[in-house]
Amino acid sequence: MILSQTCQFPFVSSGDFVLTSNHKELLKVTNDAIISPVTDVIKRTFDEPSALVDEDEFLSEDTISNILEDLKAKGNIVRLNHIGFCYRVASVNKSRVEIAKSASQKHLFTYQMDSNDPAQWLFVGDTTNWRDPLLEFVLIEGEIKDKEIDYWLPHIQIDIDTNMFYEPIRDTLDTVLKGTRSINLQTYAGHVSQIRVWLGVIAGINIHLDIGTNARNTRYARRVMLTRI
């Protein structure tokens with residue numbers, strides 16, 4: 001909702017946050033519920049909460065707004081790329097079938113992208129218009145040995161595209177956050193393609209803001225790197 005207010009994205013309807021892809025509803029967030037054609041899948045995110053339960057450290061609305069306003073002043077927040085859900089599964093193959101079945105019942109499609117980590121990356125939506133947002137499901141199978149695992153598993157990610165280089169985005173985060181949050185970089189072909197900021201945790205669910213740089217080519221990713229399953 002903060003993103004929509006700051007960047008004038010047309011995702012608010014009657015006070016609810018509504019996400020569509022090719023005019024098909026992907027997600028509705030109300031004060032009481034998360035509603036989606038794949039709600040049963042999304043609920044998996046909440047099955048095994050992180051050990052972090054201190055909600056007091058969540059970034060304030062003002063801080064998040066300041067980040068977005070400063071980015072907007074320096075460049076352009078182009079689009080909402082996706083909202084992602086990352087969680088542990090007993091079987092990636094079984095979960096992939098479950099997601100594809102739920103999506104197809106609402107005439108949505110499921111896509112897979114090769115990942116650069118042990119997780120499997122699946123997307124739900126309709127890429128007829130490649131600019132439309134998607135839902136992402138990041139599936140983790142097996143044991144993960146990471147001392148910081150509670151800061152990212154499980155999590156919900158809000159991912160935005162910008163037309164900005166890495167440096168001004170990093171300057172904004174350094175100025176607004178003043179070192180109070182860890183900033184994780186993702187690279188592709190030697191360039192920083194995405195910057196992730198941990199916003200905090202709510203009831204054991206980590207929330208991340210992912211900021212794409214101009215090194216990330218969403219059009220190419222949607223038309224070439226996604227494989228429909």
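Taking the stated definitions as given, is A73 farther than 18 Å from F11 by Cα and surrounded by 19 or more Cβ atoms within 10 Å (Cβ to Cβ)? If you could, list the steps in order and put the result at the bottom.
Details: farther than 18 Å from F11 by Cα: yes; surrounded by 19 or more Cβ atoms within 10 Å (Cβ to Cβ): no.
The answer is no for A73.
Would you tally the residues in the range 193-217 being farther than 27 Å from E61 by Cβ and outside any loop (DSSP other than H, G, I, E, B)?
Pass one, the range 193-217, residues farther than 27 Å from E61 by Cβ: 193, 214-215, 217.
Next cut, outside any loop (DSSP other than H, G, I, E, B) only: 193.
So the answer is 1.
Could you tell me whether any residue of the range 189-199 is surrounded by fewer than 16 Cβ atoms within 10 Å (Cβ to Cβ), within 24 Å of K72 (Cα to Cα) and either among the polar types (S, T, N, Q) or over 15 Å from the mean Cα position of the chain (by Cα) (or both)? I'd like the intermediate steps shown before the answer.
Going residue by residue through the range 189-199, those that are surrounded by fewer than 16 Cβ atoms within 10 Å (Cβ to Cβ) are 189-191.
Still in the running and within 24 Å of K72 (Cα to Cα): 191.
In the following step, the residues that additionally are either among the polar types (S, T, N, Q) or over 15 Å from the mean Cα position of the chain (by Cα) (or both) were identified as 191.
So far as the range 189-199 goes, yes, one or more of its residues are surrounded by fewer than 16 Cβ atoms within 10 Å (Cβ to Cβ), within 24 Å of K72 (Cα to Cα) and either among the polar types (S, T, N, Q) or over 15 Å from the mean Cα position of the chain (by Cα) (or both).
Of the conditions (1) touching a strand residue (DSSP E or B) at 6+ places or on another chain (Cβ under 7 Å); (2) under 30 Å from I183 (Cβ atoms); (3) crowded, with 17+ Cβ neighbours inside 10 Å, I67 clears all except one; give me its number.
I67 satisfies every listed condition except (1).
Looking only at the range 16-48, how many residues end up being under 13 Å from E98 (Cβ atoms) and either in a loop (DSSP other than H, G, I, E, B) or not hydrophobic (A, V, I, L, M, F, W, C) (or both)? I'd like the intermediate steps shown before the answer.
Going residue by residue through the range 16-48, those that are under 13 Å from E98 (Cβ atoms) are 37-44.
Checking which are either in a loop (DSSP other than H, G, I, E, B) or not hydrophobic (A, V, I, L, M, F, W, C) (or both) leaves us with 37-40, 43-44.
Selection size over the range 16-48: 6.
So for the range 202-209 (the condition being over 16 Å from D114 (Cβ atoms), in contact with a Lys or Arg (Cβ under 9 Å, 6 or more places away or on another chain) and surrounded by fewer than 16 Cβ atoms within 10 Å (Cβ to Cβ)), does at least one residue qualify?
Scanning the range 202-209 turns up no residue that is over 16 Å from D114 (Cβ atoms), in contact with a Lys or Arg (Cβ under 9 Å, 6 or more places away or on another chain) and surrounded by fewer than 16 Cβ atoms within 10 Å (Cβ to Cβ).
Within the range 174-187, take every residue that is within 18 Å of the chain's Cα centre (by Cα) and not β-branched (V, I, T) and give me the one that is surrounded by the most Cβ atoms within 10 Å (Cβ to Cβ). Lay out the reasoning, then the answer.
Kept after step one, since they are within 18 Å of the chain's Cα centre (by Cα), are these residues of the range 174-187: 181-187.
Now narrow it down to the ones that are not β-branched (V, I, T): 181-182, 184-186.
Numbers: R181: 18, S182: 11, N184: 15, L185: 12, Q186: 16.
Taking the candidates together, the pick is R181.
Suppose we keep only residues that are hydroxyl-bearing (S, T, Y) and touching a residue at least 12 places away in the same chain (Cβ under 8 Å) within the range 14-29. Which one would you say is surrounded by the fewest Cβ atoms within 10 Å (Cβ to Cβ)? Before you say what the answer is, go through the steps one by one.
The first filter runs over the range 14-29 and keeps only residues hydroxyl-bearing (S, T, Y), leaving 14, 20-21.
Applying the additional criterion that residues be touching a residue at least 12 places away in the same chain (Cβ under 8 Å) yields 20-21.
Details: T20: 17, S21: 23.
By that ranking, first place goes to T20.
Go through (1) over 20 Å from S21 (Cβ atoms); (2) at pLDDT 95 or above one by one and return the number of the condition N163 breaks.
(2)
Are any of the residues in the range 105-119 of a type outside the set (G, A, S), touching a Pro at 6+ places or on another chain (Cβ under 8 Å) and loosely packed, with under 12 Cβ neighbours inside 10 Å? Walk me through it before giving the result.
Let us first name the residues in the range 105-119 that are of a type outside the set (G, A, S), namely 105-114, 116-118.
Then drop every residue that is not touching a Pro at 6+ places or on another chain (Cβ under 8 Å), which leaves 105-106, 108.
With loosely packed, with under 12 Cβ neighbours inside 10 Å added as a condition, the list becomes 105.
Yes: one or more hits.
Quick check on my filter: what residues within the range 83-131 are among the polar types (S, T, N, Q) and more than 23 Å from L153 (Cα to Cα)?
Initial filter on the range 83-131 (among the polar types (S, T, N, Q)): 91, 93, 95, 102, 104-105, 110, 112, 115-116, 120, 127-129.
Scanning the range 83-131 gives S102, S104, Q105, T127, T128, N129.
Suppose we filter the range 1-15 for residues that are in a loop (DSSP other than H, G, I, E, B) and of a type in the set (S, T, Y); how many remain?
Filtering the range 1-15 down to residues in a loop (DSSP other than H, G, I, E, B) leaves 1, 8-11, 14-15.
Next, only the ones that are of a type in the set (S, T, Y) stay: 14.
Here the count works out to 1.
Report, by residue number, each residue of the range 56-67 that is over 20 Å from F17 (Cβ atoms) and touching a residue at least 40 places away in the same chain (Cβ under 8 Å). Break it down stepwise before answering.
Just the residues of the range 56-67 that are over 20 Å from F17 (Cβ atoms), to begin with: 56-57, 66.
Within the range 56-67, E57, N66 qualify.
Select the strands (runs of 3 or more DSSP E) contained entirely in the range 68-179, then report the ones holding at least 3 residues which are within 23 Å of V201 (Cα to Cα) and without any contact (Cβ under 8 Å) to a residue 60 or more places away in the chain.
On the way: elements: 77-89, 109-113, 120-125, 134-141, 155-162.
Output list reads 134-141.
Show the residue pairs meeting these rules: Cβ distance below 8 Å; 6+ apart or different chains; first residue within the range 184-212 and on the phi > 0 side of the Ramachandran plot and in contact (Cβ under 8 Å) with a residue 12 or more places away in the chain; second residue part of a strand (DSSP E or B) and buried (at least 16 other Cβ atoms within 10 Å of the Cβ).
Every condition considered, the pairs that remain are G200/N206; G200/I207.
Could you please find all residues in the range 64-96 being basic (K, R) and more than 18 Å from L134 (Cα to Cα)?
K72, K74, R88, K94
The values are calculated or read from the model by the stated rules, or taken from the named source; none is laboratory data. Worth saying up front: this structure is predicted, and the values here are computed from it rather than measured. Reconstructed Cβ throughout: ideal geometry from the backbone, glycine too, with neighbour counts over all protein chains shown.
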